[in-house]
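**Student:** Quick one: structure below, then a few questions.
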Amino acid sequence: TLKSEVAIASSCRNKTVLVPLLGAVTLLIKFGRDRRKRFCNSTQSNLSVYYACCTNTPVFGTKTPFLKSEKQHNFFIQIQRIVSCNQQAASHSNIPTIHSMAARPQNIGIKAIELYFPSQHNNILTNIQCVDQTELEKFDGVSAGKYTIGLGQTKMSFCDDREDIYSLALTTVSSLFKKYEIDPKNIGRLEVGTETLLDKSKSVKSVLMQLFDKSGNFNVEGVDTVNACYGGTNALFNAVNWVESSGWDGRDAVVVAGDIALYKKGNARPTGGAGCVAMLVGPDAPLAFEPGLRGSYITHAYDFYKPDLTSEYPLVDGQYSIRCYTEAVDNCYKAYNEREQKEKAKLNGHATNGVHPEPETPLDRFDHMCFHSPTCKLVNKSYARLLYNDYKNNPNSELFKDVPAEIKDLSYDQSITDKTVEKTFVALAKKRFAQRVQPSIEVPTMCGNMYCGSVYSSLVSLISNVSSADLQDKRIGIFSYGSGLASSMFSLRVKGSTEEIAKKLNLHQRLESRRVVAPEVYDEMCNLREKAHLKKNFKPVGQVDTLFPGTYYLTDVNDMFQRSYEVKQ
C-alpha cells in the first residue's frame, strides 16, 4: 500500500508537498482526500523519519539513530523523491515563489532596507529638507557648539503639514517594493513600530494595506507596536519570531519603523528629526539574527512620555532620560552576556566572537555596533559605558592598567554620573569607537532622531560606509531603547553581500544633495504642524510641487477625520 501511494504521489507533480510539524508529524500530500488519508495512516509508524525529511539529512554513510530499520531507510528515500519531484514541478509553474516549508529556515534576518527622510527636489537632484544645527544655535541664541559639539548633531530633517506618519510609511514601503521588485503577494506579515499617533484605534499598518490592493493579497498578519522609540525593534522581533514559528507560511515579512520627532521651543527642539525605515525580513538574509543572542531590560519610568493627546510634543525629563538610557545599556549588556554564556555552554564552550578569536575585552566580540541615537554624543558615551562594564567585570585586565584606582570603588549610582568614569572610558574607547561605531552614526548626525527608525538608520549608515567585503561574517551589535522604558541588545551576523542594499540606498548622494533651509523656515514648518494637529475639515498648505516623485502626501482631512493621500508624479 505504501509503495502504491508513493507512486500516486510521485505522479502528481503539479501538486504541493508539505511536511508540517504537529507535535508528532503527519506527512500531508495534496492529491485527494481519500488517498491522502490512507497515505497518512500508512506513515504513522514512520514518524521517526520526520527530522531527516525536513532537514535533508543524508541517510547512507552516516549514523542516523532515528532510522531504525531498512524499511524506514527506503521510506525516507521515497519521501525525498516526492519532495524533489514537487519542487522541480513548482519551479516551472506559475505558483508564487515562497520559501520551502520542508526545512527549518536558516539565517533569518534583514534581506533588504529602504530609508526615507522628507525630501524636495529641483529639476536635477533630490534635495533633502533639513536645517543646519550651527545656524539653529545662532537662531536659538545659545553658545556656539552647544548642539554640534555638545549633542554631536550636524543637521536635522523635518517635514511640513503635507507629510505625516501615514505618508512617510506609505512612501517608504512603496519605495522598498519598487527598488527590490517585491511582489506584495509574497508578503505574509507587515508590522509597524511608531509613536507618532494619528488615531487611538486604527493602526498605521491598516493604512499601508492600500499598497496591497492591486495584488489582492489581504492575508497579511501584524499590526502596530507602540512604546516610544522601541516599537520598531519589537515589530522586528515579532517578524523574526513569526518566520521561526509554526505559523510561518513561507512568505517574507516587512517591518516599518519611523516617526516625526518634534519638540516645543526650547533646549530639546534640536534633538528632533523625521524619517522612516522599511525592512524586508525572511530566511537566507545577508543580515542574519544570531539565534538566542538577545538581552532586554524593561521597567517603569517617566523619563519621556506623551500624556497630552492634544499635542504632538512630549514631556521630557532630560537628565533622568539619560540616566534611564545608561541603566538600560548596562542591564541589556549584562543580559546579553549571560545569554551568550548559556548558548556557549550548549556549544561545548565554543566561542562566538567577532573581531578577535580571543578578544582583549568582551566588547571586542562586536565588530560594529549600532545604537538608538537621541544624540550622537550619547552614543559615544554609551559605547564607552560598555567598556566600563568590561572593566567592572575584570579590573585587573592589562587593558585597564591606567584606569584611576578611585574608580574601582565607586557605587553603581555614582558611576552613572561620575565625570571621571565618563572621560576615562570615552578616551579608552576612542580608537574602537572610530572603527566600529563612527560609520553607523552618519544618518543620525545628519538627519536627527527618527525615534523608532533611529537605530535602523544607524544600520543603514553602517552598510553604506563599510564595504560588503569588509562586513562578511562580521558581528553587528545593536542596542535599541524606548523611553518609559523598554530596551534590548541583540546581534546580527553578516552572511551575504550587502552591496546591492548599499547601492539601492544611495545614501551619500542623497545626503550630499540636501537642501538646507534657514532656521526661520524650520520654525514656520513647526508652526504649520501645530495648526494641523487634530484638525478636521482641513487642507494642508505645504508645497506639493517641490516634493520628489513617488512621495505620498496629505491632500485633506474631512469632517470625519478621514485622511486622503496622493502620490507625487
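**Student:** For region 470-569, how big is the tail of P(r) above 20 Å, as a whole percent of Cα pairs?
**Tutor:** Every Cα pair in region 470-569 considered, those over 20 Å come to 67 percent.
**Student:** From the phi of every residue in region 397-413, what ³J(HN,Hα) in whole Hz does the Karplus formula 6.51 cos²θ - 1.76 cosθ + 1.60 yield, where θ is phi - 60° and glycine or proline is x?
**Tutor:** For region 397-413, the Karplus curve yields 4, 4, 4, 9, 5, 9, 5, x, 4, 5, 5, 4, 9, 5, 6, 4, 4 Hz.
**Student:** Please identify which residues in region 144-169 have an amide N closer than 12 Å to a label point set 7 Å out from the Cα of Val541, following the Cα→Cβ vector.
**Tutor:** From region 144-169, the list is 161.
**Student:** Hey, can you grab everything whose amide H is under 5 Å from the amide H of Gly258? Only 5+ residues off in sequence or another chain; H modelled, so Pro and N-termini drop out.
**Tutor:** Amide H to amide H, under 5 Å and 5 or more residues apart or across chains, Gly258 pairs with Gly193, Val277, Cys452, Gly453.
**Student:** Also, quick follow-up: Lys504 to Met209: FRET efficiency via 1/(1 + (r/R0)^6), r the Cβ-Cβ distance, R0 22 Å, to the nearest 0.05?
**Tutor:** After rounding to 0.05, the efficiency reads 0.35.
**Student:** Rounded to the nearest 0.05, what FRET efficiency do Met560 and Asp183 have when you use their Cβ-Cβ distance and R0 = 25 Å?
**Tutor:** 0.15
**Student:** Another one. Mind giving me the nanometre distance, one decimal, between the label points for Gln106 and Tyr305, set 7 Å out from Cα along Cα→Cβ?
**Tutor:** For Gln106 paired with Tyr305, the spin-label model returns 4.7 nm.
**Student:** On average over all directions, what projected area in square nanometres does region 109-517 have, based on the convex hull of its Cα atoms?
**Tutor:** The orientation-averaged projected area of the Cα hull of region 109-517 comes to 20.6 nm².
**Student:** Between beta-carbons, use under 13 Å as the cut-off and find the net charge around Thr546, counting Lys and Arg +1, Asp and Glu -1.
**Tutor:** My count for the surroundings of Thr546 gives 0.
No lab work stands behind these numbers, since they all come straight from the coordinates. Please read these numbers as outputs of a predicted model, since none were measured by experiment. Every residue, glycine among them, receives a Cβ derived from its backbone with ideal geometry; neighbour counts consider all protein chains shown.
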